[in-house]
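The values are calculated or read from the model by the stated rules, or taken from the named source; none is laboratory data. It should be emphasised that the depicted structure is a prediction, and the values quoted were computed from it without experimental measurement. Don't worry about glycine lacking a Cβ; one is built from the backbone with ideal geometry, like all the others, and counts go over all protein chains shown.
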Amino acid sequence: MNKTKRMIGILVFIVFLSIVGFTLYKWVRFGTIDAAGIFFSFLALSYFFNWLNWGHHEAGGEKDELDRHIETQSAKIGYYVLMILSGLILFISEGTGNFNETL
């Protein structure tokens, strides 16, 4: 089971890197920025952060109820902040209609 979780984390990180790499390739080669690439890269990054947070990297130490509550609340806040920042980057920095226009 532990090996499966590790493989899922590695696979998610590879998916994130491939989406970012393809988006950067299209930007450098063709001069276009794809909104879907930005969105899906942030989506894969948020899934990777979710895996990091819920993967038990401390060798199975017992946590009390307060530790679990703090961990859950910080995870929720972190994911909301990540999604809000990705939306702000998408809509404010480039504008909703200017993705394929170059200066």
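Restricting attention to the stretch 49-69, the residues that are surrounded by 10 or more Cβ atoms within 10 Å (Cβ to Cβ) and modelled with pLDDT under 85 add up to 11.
For S41, the criteria (1) modelled with pLDDT under 80; (2) in contact with a helix residue (DSSP H, G or I) (Cβ under 6 Å, 6 or more places away or on another chain) hold in every case but one, which is (1).
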